[in-house]
Amino acid sequence: MPETITRKETPVTSKPATSNMSVFAPAIGWLIPGAGHLIQKRWIRGLLLMGSVVIMFVLGLLMQGRVYRPNGGDILDILGFVGDIGAGGLYIVTRALDAGHGIVAHATADYGTKYIIVAGLLNFISVADAYHIAIGKKS
Amino acid sequence: MILTHFNAALLFSIFASTVFGITQREGARDQFRYGLYCFAMFMGGLLVAGWVMWALRH
């Protein structure tokens, strides 16, 4: 009795989209908060993200918040630097202008430090969102 | 620039809620609703924490 050989169709594995945009959008979004959305024509979202992150960062500086330098000391200082670096271009410009030497002389100066860290962390989330849009995971 | 504790927390809530709303949901309506939800949670937590601290002090 002849056996019929049935060939199973192997599912086509979809490669993750590695278009230029999936690299460029997060990179530009990190450097300029919100720009990762703007270059993908998400105008309103991009402007809202840009406004939120930039205003928060600037308010932090105006409140005499401290900008963390690269360091290998206390774990909280290291984490502070990781948060700050999320703001990308804002952090680079601030360091270039040698600003952010806030001394905690009053309670809101400590708020300023936290504002700057959180602005960077929010920008990390925004960068991840820009990447998801670029690869088509999110509209 | 010196803000009161409440104003600092209020501004923080507005900006964080905006980013959370946009990034954690799809569709303008859901994004807006989630942003409002986060803002309400921030402000609710702020008021509860404030009253708890007041109660501990008195």
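Annotations for the structure displayed:
- Taking the criterion of being more than 8 Å from chain B (Cβ to nearest Cβ) and either of a type in the set (A, V, I, L, M, F, W, C) or under 11 Å from the mean Cα position of the chain (by Cα) (or both), the residues of region A:90-118 that qualify are A:LEU90, A:ILE92, A:VAL93, A:ALA96, A:LEU97, A:ALA99, A:ILE103, A:VAL104, A:ALA105, A:ALA109, A:ILE116, A:ILE117.
- Restricting attention to region A:47-59 and to residues that are open to solvent by less than 70 Å² (accessible area, probe 1.4 Å) and more than 9 Å from chain B (Cβ to nearest Cβ), the residue that is farthest from A:PHE81 (Cα to Cα) turns out to be A:MET50.
- On the stretch given as region B:1-30, residues that are over 23 Å from A:ALA107 (Cβ atoms) and either touching a residue at least 40 places away in the same chain (Cβ under 8 Å) or surrounded by fewer than 20 Cβ atoms within 10 Å (Cβ to Cβ) (or both) total 7.
- Being more than 19 Å from A:LEU121 (Cβ to Cβ), within 14 Å of chain A (Cβ to nearest Cβ) and in a helix (DSSP H, G or I) is a property that B:PHE32 has.
- Selection of region A:60-81 for residues being charged (D, E, K, R) and surrounded by fewer than 21 Cβ atoms within 10 Å (Cβ to Cβ) yields A:ARG69, A:ASP74, A:ASP77.
- Test: A:VAL127 is part of a helix (DSSP H, G or I), touching a residue at least 60 places away in the same chain (Cβ under 8 Å) and either within 14 Å of chain B (Cβ to nearest Cβ) or not charged (D, E, K, R) (or both): yes
- When residues in region A:1-46 are screened for being under 22 Å from A:ASP129 (Cβ atoms), open to solvent by 100 Å² or more (accessible area, probe 1.4 Å) and at pLDDT 55 or above, 7 of them pass.
- Yes/no for B:LEU46 being free of Cβ contacts under 8 Å to residues at least 40 places away in the same chain, surrounded by 12 or more Cβ atoms within 10 Å (Cβ to Cβ) and either at negative phi or among the polar types (S, T, N, Q) (or both): no
- Any hit, region A:123-136, residues being surrounded by 22 or more Cβ atoms within 10 Å (Cβ to Cβ) and more than 29 Å from A:VAL23 (Cα to Cα): no
The values are calculated or read from the model by the stated rules, or taken from the named source; none is laboratory data. Not measured: the values here are computed from a predicted model. A quick note on method: Cβ atoms are made from the backbone with ideal geometry, for glycine too, and the neighbour counts reach across all protein chains shown. To get the accessible areas, we keep the full protein, side chains included, count just its heavy atoms, and leave off ligands, DNA and RNA. Shrake-Rupley method; radii C 1.70, N 1.55, O 1.52, S 1.80 Å.
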